[in-house]
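Report on one structure; see the data block that follows.
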Amino acid sequence: MANSHIPVFYRVFFLYIDPLLCLSGIYLGFFDHATYLEMGVPRALTHHSASLLTNHLITVLGAWSLCIFTLQTLLLQQYRDVKIWRIFMFAVLLTDLGLVYAVYEADPVMAVSVSKWEKGEWTNHGILGLVIVVRTAFLLGVGGVGKAVRV
C-alpha cells in the first residue's frame with residue numbers, strides 16, 4: 001500500500017517548532033500587550049499609547065493564534081495525510097502573508113529597509129520570513145513531500 005510521505009524535517013518543524021512559536025503569540029496576545037507592541041508592531045505605529053481598541057485587537061490575535069496552535073497540535077498530530085497538511089499549510093501561509101502585508105502597509109519604507117531593523121523587527125519579521133519559506137517549500141514539495149512510499 002502506498003502512503004503520502006511527509007519528511008522528518010517538516011514533521012519536526014510543523015508538529016513541534018511552529019507550535020512553540022505560536023505559543024509565544026498566544027502568550028503575548030493574552031498576557032503581554034506591551035511586549036507585543038514593542039516587538040510585533042511596526043515602529044511607525046507604536047508611538048501611540050495602547051488604547052482599549054488596541055488591547056482588544058491584540059487579544060483577538062492571541063485567540064487566532066490559539067486556534068492555529070490547536071489545529072497544529074491536534075489535527076496535524078492525528079493525520080499524516082499530505083493533502084490535509086497542504087490545505088492547512090496553505091491557509092496558514094495566507095495568514096502569514098497577511099501579516100507581512102500589514103507590516104508593509106503600516107510602514108513600507110521600514111518594512112523593506114532590512115539594514116535598519118532593530119531587535120524586535122529581526123525577531124518578528126525574521127522568524128515570520130523563515131516560517132514562510134519553510135511553509136512554501138512544503139507546499140512546493142521540496143524534500144520529497146507527497147512522494148509515494150511503500151508500506
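The values are calculated or read from the model by the stated rules, or taken from the named source; none is laboratory data. Please read all numbers here as calculations on a predicted model, not as lab measurements. Note: ideal-geometry Cβ built from the backbone for every residue, glycine included; neighbour counts use all protein chains shown. Heads up: the accessible areas ignore ligands, DNA and RNA and are worked out on the full protein's heavy atoms, side chains in. Shrake-Rupley method; radii C 1.70, N 1.55, O 1.52, S 1.80 Å.
Table for the structure above
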| item | result |
| --- | --- |
| Rounded to 10°, Cα long-axis angle of helix 127-140 versus longest principal axis of the chain | 30 |
| Dimensionless Rg/Rh of the stretch 65-113 - Kirkwood Rh, Rg from C-alpha atoms | 1.17 |
| Between the stretch 1-54 and the stretch 108-151, the Cα center-to-center distance that results, in Å | 13 |
| Long-range amide H partners of SER4 with built H, under 5 Å | VAL82 |
| FRET E, pair ILE84, THR59, Förster distance 35 Å, beta-carbon r, rounded to 0.05 | 0.75 |
| ARG43 - accessible surface, heavy atoms, 1.4 Å probe, Å² rounded to 10 | 90 |
| Helix-only [θ]222 nm of the chain, DSSP H runs n ≥ 4, -39500 (n - 2.57) each, per residue, nearest 500 | -19000 deg cm²/dmol |
| Test item: Cα-centred dipole of the chain, Lys/Arg +1 and Asp/Glu -1 on Cβ, debye | 720 |
| Probe 1.4 Å - accessible area at LYS147, Å² to nearest ten | 130 |
| Between helix 52-70 and the chain: long-axis angle, C-alpha atoms, 0 to 90°, nearest 10 | 10 |
| Simple label model, 7 Å out from Cα along Cβ direction - ALA106 to ILE17, nm | 2.5 |
| Check: the stretch 81-151 dipole with +1 on Lys, Arg Cβ and -1 on Asp, Glu Cβ, in debye | 500 |
| Cα gyration tensor category, rounded, prolate or oblate, for the stretch 45-151 with a/c compared to 1.5 | oblate |
| Rh by Kirkwood over Cα pairs, then Stokes-Einstein D for the stretch 1-107 at 0.890 mPa s and 25 °C, µm²/s | 160 |
